[in-house]
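The structure appears below as structure tokens.
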Amino acid sequence: TADDLISIWFTATPDLHSDFPAAAARRIGIADVPLLCAQELDVAGAMPRVVRLLAHVETDLPKNRVAHVYLGAAAALRKDIAQ
């Protein structure tokens, strides 16, 4: 839940430059959590239009029960752990 969030780090590919991902998070109600935005490296051939987030959360789950979610075409980025 939102109460379990400690902080979120967003990165976006260089072709995304119209808004900050953290601003979108604030608009959906994530208001009392530190948010940080950064730009991905501009690597030739990299997948365009990708926003990544790393959420630090409080959980009692063991590491092997944490699910890493990759939406849409982003699942190709990590076929080894994508759901």
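Nothing in this text is a laboratory measurement; each read-out follows from the coordinates by a stated rule. The structure presented is a predicted model; accordingly, all values stated were derived computationally and were not measured. Here the Cβ is made from the backbone with ideal geometry for all residues, glycine too, and neighbour counts use every protein chain on show.
Here the chain is assigned +1 on the Cβ of each Lys and Arg and -1 on the Cβ of each Asp and Glu. Its dipole about the Cα centre then comes out at about 260 debye.
The mean of 1/r over all pairs of different alpha-carbon atoms in the chain, once inverted, gives a Kirkwood hydrodynamic radius of 14.3 Å.
In this label model, Asn64 and Ile30 are separated by 2.9 nm, measuring between points 7 Å along each Cα→Cβ vector. Amide H contacts for Tyr70 (H built 1.01 Å from N in the peptide plane; partners 5 or more residues away or on another chain; cut-off under 5 Å): Gln83.
Can you list the residues of the stretch 25-62 with backbone N under 12 Å from a point 7 Å past the Cα of Asp15, pointing along Cα to Cβ? Counting backbone N atoms under 12 Å from the label point, the list is 43-51. Between the listed residues His17, Gly29, His68, the Cα displaced farthest toward the positive end of the dipole of the stretch 2-78, a dipole computed from Cβ unit charges relative to the Cα centre, is found at His68.
Take every DSSP beta bridge with both residues inside the chain and express the antiparallel ones as a percent of the total, to the nearest 5. Don't skip to the end; give the middle numbers.
On the way: 7 of 12 bridges.
Beta bridges within the chain, antiparallel portion: roughly 60 percent.
Relative contact order of the chain: 37 percent, from C-alpha pairs under 8 Å at least 6 residues apart in sequence. Neighbour counts of other Cβ atoms within 10 Å put His56, His68 in the fewest-to-most order His68, His56.
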